[in-house]
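Following: one structure in structure tokens, then a few remarks.
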Amino acid sequence: PENISDGLHTIYLNATDNAGRYSEIEWTFEILHQENFSMKVYSLDKTFYGDKKIILNISLSKKIYELEYLDSSSSGWRKLCSDCDEYGFSRKKTKIFEDGQQNITIRAKGFGDSHEENFSFIVDSKKPQISSTKPSKGEYTDGSGFYIKFHEENVVNLTLTIQGNETQTFELDKNCSENRNYKECYNDLNLSSFDGQEVKYWFNITDVVRNVGSKQINVNIDTTAPVINNPYSFWIQDGKYLTFNLNVTENNLDKIIYSYTDTRGKLKTSNLCIKLKNGICEKKKYFPKGIYNLTINILDKAGNSDEENISFNIF
């Protein structure tokens with residue numbers, strides 16, 4: 001496809017082999033007028049593609065010598081068609097591009113004229129993969145410990161939706177910690193408006209081309225801490241014994257424990273109650289001789305707690 005001017009031209013061609021044999025040919029031709037052409041690319045009009053296989057649709061105002069393209073992963077030009085006036089109109093034509101940023105050049109070469117157009121887009125053919133979420137079905141939460149593990153490189157938006165008597169959607173930080181090929185997000189939310197309700201929750205991940213939601217899971221919301229109604233009179237000492245009689249308001253009790261540090265610096269912990277009888281936890285405990293500083297912890301199933309401290313001596 002030499003760029004030859006209009007007018008009369010003569011071509012001489014000769015060849016000689018190693019034995020001295022010789023042959024030649026000559027011919028004359030005339031270029032009357034070289035018309036310019038135009039190219040229109042109707043595809044590659046998106047910023048993001050969710051499939052590696054992308055449709056190409058190109059029209060040309062006249063038949064050209066060659067139509068070709070250059071992409072980010074290739075070392076040279078790749079031919080689409082030769083001696084053609086369209087690509088993708090008469091029948092569907094596609095090309096496969098790898099995931100990631102793509103910079104494409106389409107070039108049409110005529111006899112004495114050429115056209116190029118550049119295109120830039122992102123291919124993301126893999127939808128977000130959600131591996132696990134927490135809390136699990138039927139668990140209690142005070143709004144803390146919402147967790148998602150997923151794989152997605154091009155996160156645009158990450159949300160958590162809570163649906164109970166009302167529905168709230170929380171925008172979460174999408175820049176989560178990396179763990180090998182996965183991302184892990186931990187979130188603590190203020191769910192006081194859902195206190196006492198069984199709700200559904202689910203995560204939504206939006207990448208550059210699609211939205212994927214996690215499985216909807218039912219959990220119980222409890223944002224109210226346990227209350228000791230008799231904080232100054234819940235224990236009585238009788239020699240080496242302490243009798244605990246705690247009047248507690250808590251519908252979802254996990255356990256009531258006490259703890260202290262012994263004379264060797266070791267932390268000692270023991271259960272008092274794992275359930276209440278008419279709101280009362282009553283238990284008698286023996287303590288050897290010594291000085292004690294006890295911490296009483298009341299924990300519910302959602303992680304809320306109340307704490308009291310008492311001191312006494314056993315002689």
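Observations
- Length-normalised contact order for region 157-272 - Cα pairs under 8 Å, 6+ apart - percent: 17
- Contour minus Cα-Cα distance for Lys53 and Asn181 (0.36 nm per residue): 43.6 nm
- Packing-based ranking, highest mean first, of 44-56, 214-226 given that Cβ atoms within 10 Å are counted: 214-226, 44-56
- Efficiency of FRET between Glu166 and Asn278 - r from beta-carbon atoms, R0 35 angstrom, step 0.05: 0.55
- Qualifying aspartates and glutamates (Cα of each under 16 Å from Cα of Lys95; at least 8 residues distant if same chain): Asp45, Asp51, Glu68, Asp71, Glu86, Asp124
- Dividing the C-alpha radius of gyration of the chain by 2.2 N^0.38 Å, with N its residue count, gives 1.99.
- For region 276-315, backbone nitrogen atoms closer than 12 Å to the point 7 Å from Asp262 Cα along Cα-to-C-beta are found at 288-289.
- Förster-model FRET efficiency, 35 Å R0, Asn190 and Arg91, C-beta, rounded to 0.05: 0.05
- Taken one residue at a time, the phi angles of region 226-236 give Karplus couplings (6.51, -1.76, 1.60, θ = phi - 60°) of x, 10, 8, 7, 10, x, 9, 9, 8, 9, 9 Hz. Gly and Pro are set to x.
- If R0 is 30 Å, the Cβ-Cβ spacing of Asp71 and Glu26 corresponds to a FRET efficiency of close to 0.10.
- Rg to Rh, two decimals, where region 10-65 supplies the alpha carbon set and Rh follows Kirkwood: 1.37
- Volume of the convex hull of region 97-148 (Cα atoms only), normalised per residue: 95 Å³.
- Take every Cα pair under 8 Å whose residues are at least 6 apart in sequence, average their separation, divide by the length of the chain, and the relative contact order is 11 percent.
- Our estimate of slack between Thr16 and Asp83, defined as 0.36 nm per intervening residue step minus the Cα-Cα distance, is 20.9 nm.
- Cα gyration tensor category, rounded, prolate or oblate, for region 63-154 with a/c compared to 1.5: prolate
- Filter on Lys137/Lys275; Lys134/Lys266; Lys255/Lys283; Lys40/Lys79; Lys137/Lys283 - keep pairs with C-alpha separation over 24 Å: Lys134/Lys266; Lys137/Lys283
- Sparse packing (at most 11 other Cβ atoms within 10 Å of the Cβ) combined with a DSSP loop state is found for the following chymotrypsin sites (Phe, Trp or Tyr not before Pro) in region 186-270: Tyr232.
- Using 0.36 nm per residue and subtracting the Cα-Cα separation, the extra length available between Asn103 and Asn252 on full extension is 47.8 nm.
- Percentage, to the nearest whole number, of Cα pairs in region 16-175 over 27 Å apart: 54
- Whether region 125-180 is rounded, prolate or oblate, judged on the alpha carbon gyration tensor where a/c under 1.5 counts as rounded: prolate
- Based on Cα atoms of region 138-233, Rg over Rh with Rh as the Kirkwood radius reads 1.09.
Rule-based calculations on the coordinates, nothing more; no lab input. None of the values given here were measured: they were computed from a predicted structure. Quick reminder, even Gly has a Cβ in these numbers, built from the backbone with ideal geometry, and neighbours come from all protein chains shown.
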